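Q: Encoded as structure tokens, here's the structure I'll be asking about.
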Amino acid sequence: MKGKYDFGIFSKYIQWWVDVNKDGSIFPGIGTYDNDMIRAQFSEGNVGMLSAATWDIGVFNDQFPAKIDWGVADFPTWDGRILGGAAYETGNGYSINKNSKHLEEAKKVWQFLISDEMFVELAKKGLGLYTNIAAQDKSIQPTNRKGVTGFLLTPPATDYPREPRNDFSVLNPPLKVGNQEINKSAAVFDVMNQAFLNGKDIDKQMNELSEALNKIVDANVKAGKVDLNKYLDPKFTPLKK
């Protein structure tokens with residue numbers, strides 16, 4: 001983690017999506033589907049592969065019981081080598097409003113939501129959410145739940161460094177990449193979607209996205225909103241063997 005964004009590595013992935021979309025390998029109309037619609041089609045056997053997370057154990061066993069025999073596999077790589085490890089995290093999806101009148105009570109709820117107690121119970125019931133290795137090690141996963149063993153966290157699973165929470169309002173008017181304003185964290189995905197849809201100048205758009213995010217970080221540091229030293233880890237190597 002060196003404190004700089006570089007989205008250039010995503011260019012070849014976006015180009016791959018453009019290519020498989022052109023050759024008809026993607027399920028028709030998938031661009032208009034939400035996650036549940038896609039998972040329902042997979043359970044019916046109409047979608048051959050999709051990316052999934054540990055909580056999908058509950059989805060494909062209970063919410064949309066799969067009518068097909070399915071399993072879990074690592075993402076394919078360009079040269080067949082697997083570097084780095086599967087990403088896991090605990091509690092990143094929860095936050096507390098600083099203006100809450102019940103900060104201490106909210107803190108207790110937050111502590112429970114990321115506790116071993118909760119993750120152990122989820123794991124015992126085969127509901128996934130193995131984002132806590134300590135809890136996973138304390139659990140006995142039910143063997144009758146499809147996908148349980150495939151989703152277990154195994155070395156070299158990695159808890160990746162966090163990125164700073166930027167205040168995008170520090171730059172006004174907001175920066176733009178193509179037609180997309182970079183005014184929120186989700187704008188990263190908007191730009192990638194834009195690059196996929198127009199299918200051209202992908203490298204250029206990814207480079208401009210990197211420049212925009214780096215300018216926003218610099219502005220946040222200058223405004224005292226982000227302490228970059230909390231995020232820097234020069235020794236971290238995500239793609240180690």
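The values are calculated or read from the model by the stated rules, or taken from the named source; none is laboratory data. Not measured: the values here are computed from a predicted model. Neighbour counts are summed over all protein chains in view; Cβ atoms, including those assigned to glycine, are modelled from backbone coordinates with ideal geometry. For the accessible areas, the whole protein counts, side chains as well, though only heavy atoms, and no ligand, DNA or RNA atoms are used. Shrake-Rupley method; radii C 1.70, N 1.55, O 1.52, S 1.80 Å.
Listed here are the residues, each with its yes/no results for (1) among the hydroxyl-bearing types (S, T, Y); (2) modelled with pLDDT of 90 or more; (3) in a loop (DSSP other than H, G, I, E, B); (4) under 29 Å from G80 (Cβ atoms).
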position	(1), (2), (3), (4)
P155	no, no, yes, yes
K204	no, yes, no, no
G224	no, yes, yes, no
P238	no, no, yes, yes
K241	no, no, yes, yes
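Q: Report, ordered by the first and then the second residue, all pairs with beta carbons closer than 6 Å, sequence separation of six or more or different chains, a first member in segment 89-115 that is open to solvent by less than 90 Å² (accessible area, probe 1.4 Å), and a second member that is at pLDDT 80 or above and not in a loop (DSSP other than H, G, I, E, B).
A: Every condition considered, the pairs that remain are I96/A106; S100/A106.
Q: Sticking with this structure for a sec: Consider segment 56-83. How many of its residues are in a loop (DSSP other than H, G, I, E, B), open to solvent by less than 80 Å² (accessible area, probe 1.4 Å) and more than 19 Å from L239 (Cα to Cα)?
A: Result for segment 56-83: 7.
Q: Quick check, is A53 open to solvent by less than 60 Å² (accessible area, probe 1.4 Å), of a type outside the set (S, T, N, Q) and touching a residue at least 60 places away in the same chain (Cβ under 8 Å)?
A: Considered against the rule, which asks whether it is open to solvent by less than 60 Å² (accessible area, probe 1.4 Å), of a type outside the set (S, T, N, Q) and touching a residue at least 60 places away in the same chain (Cβ under 8 Å), A53 comes out as yes.
Q: Among the residues in segment 232-239, are any within 19 Å of the chain's Cα centre (by Cα), surrounded by fewer than 17 Cβ atoms within 10 Å (Cβ to Cβ) and free of Cβ contacts under 8 Å to residues at least 24 places away in the same chain?
A: Checked against the condition, which is being within 19 Å of the chain's Cα centre (by Cα), surrounded by fewer than 17 Cβ atoms within 10 Å (Cβ to Cβ) and free of Cβ contacts under 8 Å to residues at least 24 places away in the same chain, segment 232-239 yields at least one hit.
Q: Please indicate, with yes or no, whether at least one residue in segment 32-40 is open to solvent by less than 40 Å² (accessible area, probe 1.4 Å), of a type outside the set (F, W, Y), part of a loop (DSSP other than H, G, I, E, B) and over 21 Å from D79 (Cβ atoms).
A: No.
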